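Peer 1: To start, I am sharing the structure in question, which I have written as structure tokens.
The values are calculated or read from the model by the stated rules, or taken from the named source; none is laboratory data. As the structure is a computational prediction, the values presented were derived from the model and not from experiment. Cβ placement follows ideal geometry from the backbone for every residue including glycine, while neighbour counts extend to all protein chains displayed. These area figures cover heavy atoms from the full protein model, side chains too; ligands, DNA and RNA do not enter into them. Shrake-Rupley method; radii C 1.70, N 1.55, O 1.52, S 1.80 Å.
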Amino acid sequence: MQETLSIFVKAIFSENMIFAYFLGMCSYLAVSKTVKTAVGLGAAVIFVLTVTVPVNYLLENYLLKPGALSWMGEEYAQYDLSFLSFIMFIAVVASIVQLVEMLVEKFAPALYGALGIFLPLIAVNCSILGGALFMQERQYSTILDATAFAFGSGIGWFIAIVAIAAIREKIRYSHVPAPLRGLGITFILTGLMGVAFMSFGGINYGEGKEKSDKKDKTSEVHSTPSKTQTSQIEVTNQ
Amino acid sequence: MSETVEKVKAPGEPLFSKKNRKLITDPLTDNNPVTVQVLGICSALAITVQVNQAIVMGLSVIFVTMMGNVVISMLRNIIPSRIRIIVQLVIVAALVIIVDQILAAFLPDLSEKLSVFVGLIITNCIIMGRLEAFAMGNKPWPSLLDGFGNGLGYAGLLFIVAVVRELLGSGSLFGFKIFGDSIEKTGLYSVGYVNNNLLVLPPMALIIVGIIIWVQRSRNKALIEDH
Amino acid sequence: MAFNKESNGFTFGFAIALVVVVGAALAILATSLRGTIAKNGEDKKRLDILSAFIDLDQEKINRKNAEAEFSKRVDMTQSLVIDAEGNVVEGKDPFEVDIKKEYKDKNLDPSKRSFPLFVAEKDGEKVYVIPVVGKGLWGPIWGNVCIAADKRTITGASFGHKGETPGLGAEITQKYFINGWIDKKISDDSGNPITFKIVKDGTGKGDAVKVDGISGGTITSKGVEEMINRCMQPYVKYFSTLN
């Protein structure tokens, strides 16, 4: 459980989709002019990520991974469909977005009013496909971990876009050099925010404090229990 | 993708007519996909730490935009409009898989470094943007040039960012140590020069792009936004 | 045009045709490249193991001759697989054991993990190569550690990483960091494992426990420390049964 929680927190801060990997920058730059629309798009991203990543996780583990087909019988165990993963992931994302759009429109018209126009934009938002690809690359061991990662990434993205939208609303009243106005200053601001977010990288997520009966868990751990609380954020070091 | 379809009339004109040349040269400067059209920043900036990664990424994107544009342009009259987006996605995804497999087979070390970012070419907005805005309405040849131009504009920007970051951040270009050895303290390092480690951190890529935009827009006032 | 491209029938037909064509093309490509890609992975593994005890650049070993050099220098008939308690496991090919999977697979009981041990020859002397995996600041780190014929002394190592900060954590691949590990002993005189400790003050040289870390790369260095301390345990047990 603790591990799941740390995946979740990590996905929000130190592995933030925008500030650490620049995923979903297109819509991030295009839809961050006002806080209101940013909140809408951010919420839609959280929603879609949390839905698509677990689906893609199942797809990856029961269809695409080498040996994933073994549930169909021994003779299928040797098949490796992983070369199809990009196409499958993007197809899943596109169709789920479509499906979600229809369902939301039918059953929650109020929500549709708020999210509706953003949903189609999301199919080509890199952070959604990026979520699926990172899930595949990091090979989360349970669907719960994968979902926690997806939800955390979504929240991270939400925080990023709402924060930049708020700054952009304010910066309209500042004297930005003319050639930097709009896009240029947004890039630089995002860069500076990214630098700030890097300091989350040094956080000790407490993985070192596993109970001693779970000795095996230390396999994934890089911290030593002897570390004191104060040294846990080593901002200046990395 | 809200741009209106740009039509290029090209009956009977030479292959490299002025208009066609413009398709290539425009995206390099005044209509650069990254700094002006604001497309496709997503997948790329994380891999601009080293120049050769940036070049391979740039070449992959050029290949995918070109081929994607050509294929879609050839199919443009028979693609049912209702499933247009998904058809485009499928074709782009297939092309990206081809690139990914070829990289994994012939450039394994680079392919490992690029990891998920090759896959993310699929959702690179440049590609979908050009397919929707150009290839759906133009013949294959202009589409090919348009794809090439936009891919090149993108690759060029990646290259510039990567050169700055690798040279100032790691003191090397293409992995060759330009300023001497930072550990043995030879060359420039012997007089106290140190690498700017900030530049190898991902956020600096954004700041460099911001500065490039600044330079570009102060030279071309037409591009300046009024907030 | 003679047909209606917006009709349902055509839309379905188009979709199916597209999927079949694209699927077939990709399947052909993937099958034809699979061999090369698989070999790339194996060669990488071979190079990693070799790099623990020889300088690849100096010996001009690269992907092209990895297979030949590997079979020349590593004795696969003596290489073996051990379990967590240091007992030899029969009937497993050490090259096939993926140490990363062994540690990561949560369905696998930790006591049932298998650990490969490669036996190689360096300048006529028998050496052991132990693959290790761990976690750095941003992602996985890994390496291979070479143990001398006395079954205690580290004589070489190579480390790799996925995405550590260049210039800081990524320096674990550099010679000066690796040299800090050389001549350390993985077990004390009575055969108990030694727990290494990364230090920042540069006092690691000549010390039995302390190892010099990388300034600015604290968390990655700590990752290496943890990786070595953990991964050496079964091997120390195995080596103590030999004496």
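Peer 1: If a residue counts only when it is within 14 Å of chain B (Cβ to nearest Cβ), which helices (runs of 4 or more DSSP H) contained entirely in segment A:1-79 have at least 2 such residues? Give the steps one after another, and end with the answer.
Peer 2: Numbers: elements: A:2-12, A:25-30, A:35-59.
Filter on segment A:1-79 gives A:25-30, A:35-59.
Peer 1: Residues to consider are B:122, B:72, B:97, B:78; find the one that is under 23 Å from residue B:209 (Cα atoms) and either modelled with pLDDT of 90 or more or aliphatic (A, V, I, L, M) (or both).
Peer 2: Details: B:72 fails: under 23 Å from residue B:209 (Cα atoms); B:97 fails: under 23 Å from residue B:209 (Cα atoms); B:78 fails: under 23 Å from residue B:209 (Cα atoms).
That would be B:122, the only listed residue that is under 23 Å from residue B:209 (Cα atoms) and either modelled with pLDDT of 90 or more or aliphatic (A, V, I, L, M) (or both).
Peer 1: Name the single residue, out of those in segment C:56-87 being acidic (Asp, Glu) and touching a strand residue (DSSP E or B) at 6+ places or on another chain (Cβ under 9 Å), that is farthest from residue C:162 (Cα to Cα).
Peer 2: From segment C:56-87, those acidic (Asp, Glu) are C:57, C:59, C:67, C:69, C:75, C:83, C:85; that's our starting set.
Okay, now just the ones that are also touching a strand residue (DSSP E or B) at 6+ places or on another chain (Cβ under 9 Å), so C:75, C:83.
On the way: C:75: 29, C:83: 27 Å.
The residue in question is C:75.
Peer 1: Which residue out of C:224, C:132, C:209 is touching a Cys at 6+ places or on another chain (Cβ under 7 Å) and within 14 Å of chain A (Cβ to nearest Cβ)? Explain how you work it out, then say what you get.
Peer 2: Numbers: C:224 fails: touching a Cys at 6+ places or on another chain (Cβ under 7 Å); C:209 fails: touching a Cys at 6+ places or on another chain (Cβ under 7 Å).
Matching residue, one of C:224, C:132, C:209: C:132.
Peer 1: Answer with yes or no whether residue C:93 is more than 17 Å from the chain's Cα centre (by Cα) and surrounded by fewer than 15 Cβ atoms within 10 Å (Cβ to Cβ).
Peer 2: Numbers: more than 17 Å from the chain's Cα centre (by Cα): no; surrounded by fewer than 15 Cβ atoms within 10 Å (Cβ to Cβ): yes.
No, not satisfied.
Peer 1: Could you tell me how many of the residues in segment A:141-158 are crowded, with 24+ Cβ neighbours inside 10 Å and of a type in the set (Phe, Trp, Tyr)?
Peer 2: 2
Peer 1: Of all residues in segment B:149-170, which are surrounded by fewer than 19 Cβ atoms within 10 Å (Cβ to Cβ) and either closer than 24 Å to residue B:63 by Cβ or among the acidic types (Asp, Glu) (or both)? Lay out the reasoning, then the answer.
Peer 2: Within segment B:149-170, the subset surrounded by fewer than 19 Cβ atoms within 10 Å (Cβ to Cβ) is B:156, B:159-160, B:163-164, B:167-168.
Result: B:156, B:159, B:160, B:163.
Peer 1: Hey, could you check segment B:86-127 for residues that are among the polar types (S, T, N, Q) and open to solvent by 10 Å² or more (accessible area, probe 1.4 Å) and say which is nearest to residue A:137 (Cα to Cα)? Walk me through how you get there before you give the answer.
Peer 2: Here is the first cut: in segment B:86-127, the residues among the polar types (S, T, N, Q) are B:88, B:101, B:111, B:115, B:123-124.
Restricting the remaining residues to those that are open to solvent by 10 Å² or more (accessible area, probe 1.4 Å) gives B:101, B:111, B:115.
Numbers: B:101: 16, B:111: 13, B:115: 8 Å.
My answer is B:115.
Peer 1: Also, quick follow-up: Hey, could you check segment C:105-128 for residues that are aliphatic (A, V, I, L, M) and within 14 Å of residue C:84 (Cα to Cα) and say which is surrounded by the fewest Cβ atoms within 10 Å (Cβ to Cβ)?
Peer 2: Our first condition is that a residue be aliphatic (A, V, I, L, M); within segment C:105-128, this holds for C:108, C:117, C:119-120, C:127.
Those left that are additionally within 14 Å of residue C:84 (Cα to Cα): C:108, C:117.
Values: C:108: 14, C:117: 21.
Only one residue fits best here, namely C:108.
Peer 1: For residue C:116, all conditions in the list (1) touching a residue at least 60 places away in the same chain (Cβ under 8 Å); (2) touching a Ser or Thr at 6+ places or on another chain (Cβ under 9 Å) hold save one; what is the number of the exception?
Peer 2: Only one criterion is unmet by residue C:116, namely (1).
Peer 1: Right, next: Residues that are facing another protein chain (nearest Cβ under 7 Å) and within 19 Å of the chain's Cα centre (by Cα): which helices (runs of 4 or more DSSP H) entirely in segment B:40-124 hold 1 or more of them?
Peer 2: Numbers: elements: B:51-75, B:84-106, B:108-114, B:116-119.
So the answer is B:84-106, B:116-119.
Peer 1: In this structure, does residue C:171 turn out to be buried (at least 16 other Cβ atoms within 10 Å of the Cβ), closer than 23 Å to residue C:115 by Cβ and among the acidic types (Asp, Glu)?
Peer 2: Taking the combined requirement at face value, the residue does not satisfy it.
Peer 1: Taking residue C:44, is it closer than 30 Å to residue C:232 by Cβ, part of a helix (DSSP H, G or I), open to solvent by 50 Å² or more (accessible area, probe 1.4 Å) and at the interface with another protein chain (Cβ under 10 Å from one of its Cβ atoms)? Break it down into steps so the answer makes sense when it comes.
Peer 2: Details: closer than 30 Å to residue C:232 by Cβ: yes; part of a helix (DSSP H, G or I): yes; open to solvent by 50 Å² or more (accessible area, probe 1.4 Å): yes; at the interface with another protein chain (Cβ under 10 Å from one of its Cβ atoms): yes.
So residue C:44 fits the description; yes.
Peer 1: Checking the structure you have, find out if any residue of segment B:171-183 is part of a helix (DSSP H, G or I), open to solvent by 10 Å² or more (accessible area, probe 1.4 Å), without any contact (Cβ under 8 Å) to a residue 60 or more places away in the chain and more than 9 Å from every other protein chain (Cβ to nearest Cβ).
Peer 2: As a first pass, look at segment B:171-183 and keep what is part of a helix (DSSP H, G or I): none.
So far as segment B:171-183 goes, no, none of its residues is part of a helix (DSSP H, G or I), open to solvent by 10 Å² or more (accessible area, probe 1.4 Å), without any contact (Cβ under 8 Å) to a residue 60 or more places away in the chain and more than 9 Å from every other protein chain (Cβ to nearest Cβ).
Peer 1: Consider residue A:80 against the criteria (1) touching a residue at least 24 places away in the same chain (Cβ under 8 Å); (2) surrounded by fewer than 24 Cβ atoms within 10 Å (Cβ to Cβ); (3) closer than 30 Å to residue B:104 by Cβ: it satisfies all of them except one. Which criterion is unmet?
Peer 2: Unmet condition: (1).
Peer 1: In segment C:143-176, which residues are outside any loop (DSSP other than H, G, I, E, B), within 12 Å of chain B (Cβ to nearest Cβ) and touching a residue at least 40 places away in the same chain (Cβ under 8 Å)?
Peer 2: C:160, C:161, C:169, C:170, C:171
Peer 1: Could you please give the count of residues in segment C:177-192 that are under 21 Å from the mean Cα position of the chain (by Cα) and either within 11 Å of another protein chain (Cβ to nearest Cβ) or not aliphatic (A, V, I, L, M) (or both)? Can you show your working first?
Peer 2: Restricting attention to segment C:177-192, the residues satisfying the condition of being under 21 Å from the mean Cα position of the chain (by Cα) are C:177-186.
Filter again for either within 11 Å of another protein chain (Cβ to nearest Cβ) or not aliphatic (A, V, I, L, M) (or both), leaving C:177, C:179-181, C:183-185.
The number of residues fulfilling the criteria is 7.
Quick grid of which residues meet (1) within 7 Å of chain B (Cβ to nearest Cβ); (2) out of contact with any Lys or Arg (no Cβ under 7 Å at 6 or more places or on another chain); (3) of a type in the set (D, E, K, R); (4) buried (at least 21 other Cβ atoms within 10 Å of the Cβ):
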site	(1), (2), (3), (4)
A:129	yes, yes, no, yes
A:137	yes, yes, yes, no
A:164	no, yes, no, yes
A:168	no, no, yes, no
A:176	no, yes, no, no
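Peer 1: Here is a follow-up. Would you check which residues across segment C:129-149 are open to solvent by less than 10 Å² (accessible area, probe 1.4 Å) and of a type in the set (A, V, I, L, M) and list them?
Peer 2: C:129, C:130, C:132, C:141, C:145, C:147
Peer 1: Can you work out which of the residues in segment C:77-90 that are of a type in the set (A, V, I, L, M) and touching a helix residue (DSSP H, G or I) at 6+ places or on another chain (Cβ under 7 Å) is surrounded by the fewest Cβ atoms within 10 Å (Cβ to Cβ)? It would help to see each step written out before you state the result.
Peer 2: Of the residues in segment C:77-90, the ones of a type in the set (A, V, I, L, M) are C:80-82, C:84, C:88-89.
Those left that are additionally touching a helix residue (DSSP H, G or I) at 6+ places or on another chain (Cβ under 7 Å): C:82, C:84.
Working: C:82: 22, C:84: 17.
Checking each candidate, the answer is C:84.
Peer 1: Another one. Is there any pair linking a residue in segment B:187-203 that is within 13 Å of chain A (Cβ to nearest Cβ) to one that is of a type in the set (D, E, K, R), with Cβ under 7 Å and at least six apart or on different chains, and which?
Peer 2: That search, which allows pairs on different chains as well, returns B:199/B:165; B:200/B:165.
Peer 1: If you take the residues in segment A:1-32 that are surrounded by 21 or more Cβ atoms within 10 Å (Cβ to Cβ) and of a type in the set (S, T, N, Q), which one is nearest to the chain's Cα centre (by Cα)?
Peer 2: This residue is A:16.
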